[in-house]
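What follows is a short report on a single structure.
The values are calculated or read from the model by the stated rules, or taken from the named source; none is laboratory data. Bear in mind that the values here come from a model prediction, so they are computed numbers and not experimental data. Cβ sites come from the backbone with ideal geometry, for glycine too, and all protein chains shown count toward neighbours. We work out accessible area using only protein heavy atoms, side chains counted, and drop any ligands, DNA or RNA first. Shrake-Rupley method; radii C 1.70, N 1.55, O 1.52, S 1.80 Å.
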Amino acid sequence: TRSTRPQRLLNAVRKHATRGDPQSVISAIDHFCRHSEWAMNIGDEKGSILDSVVSELNPEKVLELGTYCGYSTVRIARLLPPGARLITLEFNADYAAIARQVIALAGLEDRVQLVEGASEDWIPRMKEHFGIETFDFVFLDHWKDRYLPDTKLMEDCGLLRKGTVLLADNVICPGVPDYLQYVRNSLSYKSCYFKSHLEYTKAEDGLEKSVFLG
Ligand SMILES: CCCNc1ncnc2c1ncn2[C@@H]1O[C@H](/C=C/CNC(=O)c2cc(-c3ccc(F)cc3)cc(O)c2O)[C@@H](O)[C@H]1O
Ligand SMILES: [Mg+2]
């Protein structure tokens, strides 16, 4: 049967990246998406904004919603100190299998826990299953209509603390209107927009950074 785009993306990483070198994995994926086949990774332009938010925050406990091929997982994990932990949730088994290999090629398995399953099933189990009290940083990049319900679920599960940072991809394209309205109008968040472009294109997109005020 024909290969899938994530399989072709993994092949490009295997061919062009250096094992244990996260930057070469990132560059190989960006090159593949720019010159071979577009894929919905955050990309290099928005990725640089993600890098700056993570570097400034220096988080110990990170949650990512929607692993896909593991591109943003590698971008985030490469900036974390070895003691830090990144839990990434992916409910598509095929994507999870690809992402595990991408994360391993980057040499970041020690910092990353990829959990195969749906966010709404796993967010309520973070404490008892992973011993996580609260997250320092959450990256939202899964189905766009799930950003808001999952944010409310994280609040209800007590996983956000004063100062937890939420960073949401695609707030313009494809767009997350209900989520944006919520974080921009809620007294529990201080929110700001980072204008950028949709990965590998000239279309406008951006990231919304929202600090939970408790
Ligand atoms: C039960 C559903 C909610 N819970 C979930 N729990 C765990 N993983 C979940 C997930 N939802 C989705 N996922 C996974 O996240 C990923 C989904 C990402 C959705 N992203 C987009 O649709 C997207 C789409 C675009 C896009 C933009 C313009 C365009 F013309 C076409 C596409 C750009 C992006 O940057 C995007 O992030 C997949 O790997 C999916 O299996
Ligand atoms: Mg995205």
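A few points about this structure:
- Within the chain, longest stretch free of exposed trypsin sites (Lys or Arg not before Pro) [DSSP loop, at most 13 other beta carbons within 10 Å]: 20-201
- Accessible area per residue, Å², the chain with all protein chains present, probe 1.4 Å: 45
- Shape box of region 3-79 [Cα atoms, principal axes, largest first, Å]: 37, 23, 20
- For the chain, share of DSSP beta bridges that run antiparallel, in % to the nearest 5: 40
- Accessible surface ranking that places the most exposed of Phe135, Phe91, Phe194, Phe212 first, with a 1.4 angstrom probe: Phe91, Phe194, Phe212, Phe135
- Springs between Cα atoms under 10 Å define the GNM used for the chain, and in it the highest mean-square fluctuation of Leu166, Leu140, Leu153 occurs at Leu153.
- Inverse of mean 1/r across different Cα pairs in the chain, Kirkwood, Å: 17.2
- Antiparallel DSSP beta bridges within region 123-214, percent to nearest 5: 70
- Kirkwood hydrodynamic radius over Cα pairs of region 14-134, then Stokes diffusion coefficient at 25 °C and 0.890 mPa s, in µm²/s: 168
- Separation of alpha-carbon centers, region 35-78 and region 126-201, rounded to whole Å: 14
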